[in-house]
1. Please pick out the residue among 169, 153 that is surrounded by 12 or more Cβ atoms within 10 Å (Cβ to Cβ) and modelled with pLDDT under 80.
2. Please work out which residue is surrounded by the most Cβ atoms within 10 Å (Cβ to Cβ), limiting yourself to segment 188-222 and to residues that are in contact with a His (Cβ under 9 Å, 6 or more places away or on another chain) and either assigned to a loop (DSSP other than H, G, I, E, B) or not β-branched (Val, Ile, Thr) (or both).
3. Which pairs turn up if I take residues in segment 82-104 that are at pLDDT 75 or above and look for partners that are of a type in the set (Gly, Ala, Ser) and not in a loop (DSSP other than H, G, I, E, B) with beta carbon separation below 6 Å, at least 6 apart in sequence or on another chain?
4. Residue pairs, Cβ under 6 Å, 6 or more apart or interchain, first in segment 195-218 and touching a residue at least 40 places away in the same chain (Cβ under 8 Å), second surrounded by 21 or more Cβ atoms within 10 Å (Cβ to Cβ) and part of a helix (DSSP H, G or I). List them.
5. If you scan segment 11-30, which residues turn out to be closer than 14 Å to residue 112 by Cα and loosely packed, with under 12 Cβ neighbours inside 10 Å?
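The values are calculated or read from the model by the stated rules, or taken from the named source; none is laboratory data. Just so it is clear, the structure is predicted and the values come from calculations on it, not from any experiment. In this analysis, Cβ positions are derived from the backbone assuming ideal geometry, glycine residues included, and neighbour counts consider all displayed protein chains.
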Amino acid sequence: MIGVYPHSWDSELAIWPQKVDLVITRVPIRKKEGFSSKKFKEFSKKLFNSMEANSLAFLVCYAPTEDRTRPFEVCKLMAESGFNHVDNIIIEKTWIPGRRSEVNLVNAYDFVLFFSKGNKYQIDRTPVQEYLQAPYEILAKESKDQDFQMPTESGCIGNLWLVQTDSLEDPISNDLADLLVLFSSVLPGSQIFDPFGGSKSLIKSASKLQHSLTIFEGNPKKFKTLEETLIEINRKGAK
């Protein structure tokens with residue numbers, strides 16, 4: 001079941017899902033988005049109480065120009081609420097050829113702050129390795145350099161992921177949404193939660209990979225876009 005609700009996470013009307021298996025969301029870390037330490041601390045505590053033991057949370061963010069230390073503050077507040085800060089993944093954005101120019105990028109990199117509730121979580125690196133290896137396989141075929149060598153597994157994956165970005169409007173790209181869901185190795189039917197909304201990609205991924213999804217989106221315009229995406233996916237599935 002996929003549900004998109006026209007509320008912000010802190011609205012009295014927002015009914016939070018219980019027993020959340022996976023959180024994927026872009027955190028609002030800029031001043032103009034209403035970020036405050038007090039508010040985020042309240043959020044992270046509520047999130048911790050809604051999640052299953054050994055579940056995972058991926059918070060996508062970037063260091064805004066006005067305060068580049070804010071992602072580090074997010075990590076600190078999550079840890080204070082009981083989460084384990086497992087790692088950070090750096091996403092280097094690349095455009096699908098012919099669709100957009102990289103000069104349109106506001107920021108060329110995103111951080112994915114990786115947290116867990118408990119220490120017995122599981123991840124599956126194989127889908128990420130295969131995704132990141134594909135461009136090198138093409139280069140190997142096209143290269144005229146006899147000394148060309150494929151990168152090692154560690155050189156290919158590490159914590160730097162080169163991921164295609166298909167829209168400036170969507171905070172999480174289609175490819176990144178798929179990769180994070182597969183990386184988390186959650187079983188089909190698991191409950192995914194996006195408390196800050198805005199991403200059509202998560203709706204597509206949850207539908208394709210057969211998971212439940214709850215999204216809160218307090219912005220009416222963005223909510224309408226998400227709702228239209230869900231209606232279109234349900235329409236295609238009904239055929």
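1. The match here is 153.
2. Step one: of segment 188-222, the residues in contact with a His (Cβ under 9 Å, 6 or more places away or on another chain) are 188-192, 205, 216-218.
Checking the rest, the ones that are also either assigned to a loop (DSSP other than H, G, I, E, B) or not β-branched (Val, Ile, Thr) (or both) come to 188-191, 205, 216-218.
Details: 188: 8, 189: 10, 190: 21, 191: 22, 205: 24, 216: 26, 217: 24, 218: 17.
Ranking the qualifying residues of segment 188-222, first place goes to 216.
3. Correct list of pairs: 84/116; 85/79; 86/116.
4. Once the first residue is touching a residue at least 40 places away in the same chain (Cβ under 8 Å) and sits in segment 195-218, its partners that are surrounded by 21 or more Cβ atoms within 10 Å (Cβ to Cβ) and part of a helix (DSSP H, G or I) give 202/177; 213/206; 217/226.
5. none
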